[in-house]
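Here, each number is a calculation from the coordinates, and none is a lab measurement. No experiment lies behind these values; they were computed from the predicted model shown. Here the Cβ positions follow ideal geometry from the backbone for every residue, glycine too, while neighbour counts run over all protein chains shown.
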Amino acid sequence: MRLKQPLITWKSSGKANSLRILGVNPWIYDFAAYNVWSRPAGLLTCLDMFARSGCDTALIDLMDQDLSDLKWTDHKKTGKGPYPKVALPKPFVLKDVPRQFSRYGLPRQRAVEAFSELDPKPDLILVTSLMTYWYAGIISVIGMIREIMPGVKVCLGGIYATLCTDHARGLDADMVVSGPLERPDNWLRVWELMGKKSPPLPEHAGMIPDTSYYQEPDFSILMCSRGCPFKCPYCASSMLYPGFRQSDPDIVIAHIKAEYERGTRDFCFYDDALLVNPENLLYPVLNFIIEHNYNLRLHAPNALHIKYLTPRICTLLKQAGLSTIRLGLETTDFKNRRDAKLLFEEWRDGIFNLLQAGFVRRDIVVYVLTGLPGQTEEEVEATLRECLKMGIRPELNYYSPIPGTPLFKKAVEVSGYALDEPLFQNNSIWPCVQGGFSWETQKCWKKKIRNPQ
């Protein structure tokens, strides 16, 4: 039954005969997925750039409940929660993994309706990509686009397209963009794909994620910076966005004001290095929230750098409403760390400063990276003991081998999987743990977190 109102409406530039750019966030195909304040931030910055260049724009986010007839089951008040899912057969290469494979997100028929009701049709469709091992969702989405809108140009970008560019070129997209769209050569190529001359890049290109496409948002995102000044051997941040670039605090503040005025109270930081150079951005933003008595819940799931948790930063974060605190620890074996970004004294002082600012131990979670190539169980267990001894809750994060990172070569050497296939880069299968994923081992780890010996 056709709805009276279209599922997707165009955001008009106000200009006659404007080009129409549609952004698409695909489904997730995986063994597990959970919405932790997820938005396709890179895609939203691209739509902003096209909108400010005179184009009409629209978004189809297959991982958001806006297009759904009903609120998604058990969706939490803070904006995070489970995705609906449909069980699917496992890809053949993953047939021996003892887990259920599923498609997460909007029901397929609802997605077909959204694409079918687009009027007018787009001149270009931007399909984004996140995890390298989620490319099955991209194949499905592009196939659906080809059936419903044959002849429309499709451009694929994002994380997978950047890290696995050659692999991505094997999909049915008209163009694959590696790296940020605001890179001048990428900006030029995309306009050439539409047969047009590229306009100048708009001011602050790539730094403004336009979240206005979400009509009834449970949360919004804050992107204060792009890139990361650190070079952790397991991380791809510097490959996805070379260098480190901070936004203008006025841009972030204007975004908070606009979202707050339409009822949004949960905001998630999307930064890889939020606490670096806080006087340039973080201090003005937090002070604005505090001075205007905004009743917000701030979330930092990307992990805060512990060494930068100064008394002043901790106090301002507490006063501004930080409620989700995730810290990047990796290991407490400080003498043999795989990076040099944290010392024991900094770890101790960071926790102390959080507690002095009024945070409580039960709300502080530290990420413990496990499943690394060559990592021993004893190292992980020692880290768990140290965290629990301090009354801090550890959370195991399984390592995902990322092509091009310094640690990837070592991962290839120890893994039982052919890691040039992106499906094998999935941290859900524990690709660098001997024997791969095991329910018995998982239960054992959970027990050790509760009661390490």
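Can you give the extra length, in nm with one decimal, that the chain gains between Asp96 and Lys231 once fully stretched, where that is 0.36 nm per residue apart less the Cα-Cα distance?
Working: separation 135, 0.36 × 135 = 48.60 nm, distance 3.45 nm.
My answer for the length gained is 45.2 nm.
At most 16 other Cβ atoms within 10 Å plus a DSSP loop assignment makes a site exposed; report the longest stretch of the chain without any exposed GluC sites (Glu not before Pro). Before the final figure, lay out the partial values.
Details: sites that count: Glu117, Glu203, Glu279.
For GluC sites (Glu not before Pro) (loop position, at most 16 other Cβ atoms within 10 Å), the longest site-free span of the chain is 280-453.
Using modelled backbone amide H atoms (1.01 Å from N, in-plane), which distant-in-sequence or interchain residues come within less than 5 Å of Ile60's amide H?
So Ile60 has HN proximity to Gly23, Val24, Asn25.
Arg361 to Ser323: extension gain in nm, 0.36 nm per residue of separation minus the Cα-Cα distance? Mind dumping the intermediate values first?
On the way: separation 38, 0.36 × 38 = 13.68 nm, distance 1.22 nm.
Residue separation times 0.36 nm, minus the Cα-Cα distance, leaves 12.5 nm.
For the pair Asp166 and Ser12, how long in nm is the line joining their label points, each one 7 Å along Cα→Cβ?
About 4.8 nm, to one decimal.
Student exercise: in region 20-193, how many lysine pairs 8 or more apart or on different chains have Cα atoms under 26 Å apart? Mind dumping the intermediate values first?
On the way: Lys71/Lys80; Lys71/Lys85; Lys76/Lys85; Lys77/Lys85; Lys85/Lys95; Lys121/Lys153.
Close lysine pairs under the 26 Å cut-off: 6.
Report the trypsin sites (Lys or Arg not before Pro) located in region 103-141 that are in a DSSP loop and have at most 15 other Cβ atoms inside 10 Å of their Cβ, or state none.
Numbers: sites: Arg103, Arg108, Arg110; in loops: none.
When the trypsin sites (Lys or Arg not before Pro) of region 103-141 are filtered for loop state and at most 15 Cβ neighbours within 10 Å, nothing remains.
Under the rule of -39500 (n - 2.57) per DSSP H run of 4 or more residues, summed and divided by the residues of the chain, what mean residue ellipticity at 222 nm is obtained, to the nearest 500 deg cm²/dmol? Don't skip to the answer; put the middle values down first.
Working: 14 runs with 135 residues, N = 453.
Rounded to the nearest 500, it is -8500 deg cm²/dmol.
Given the Cα-Cα distance of Glu147 and Arg312 and 0.36 nm per residue of separation, how much length would full extension add, in nm? Walk me through the intermediate numbers first.
Values: separation 165, 0.36 × 165 = 59.40 nm, distance 5.56 nm.
Value of the extension gain: 53.8 nm.
Can you sort Asp61, Asp30 by how many other beta carbons sit within 10 Å, fewest first? Don't skip to the answer; put the middle values down first.
Working: Asp61 24, Asp30 21.
Starting with the residue having the fewest Cβ neighbours, the order is Asp30, Asp61.
If I model a spin label at Ile290 and Gln434 as a point 7 Å from the Cα along the Cα→Cβ vector, what separation in nanometres do I get?
Going from the Ile290 label point to the Gln434 one covers 5.2 nm.
What distance in nm lies between label points placed 7 Å from Cα along the C-beta direction at Arg189 and Phe352?
Result: 5.1 nm between the two label points.
Among 226-238, 422-434, how do they line up by average Cβ neighbours within 10 Å per residue, starting with the highest?
Working: 226-238: 18.3, 422-434: 21.2.
In descending order of packing, they fall as 422-434, 226-238.
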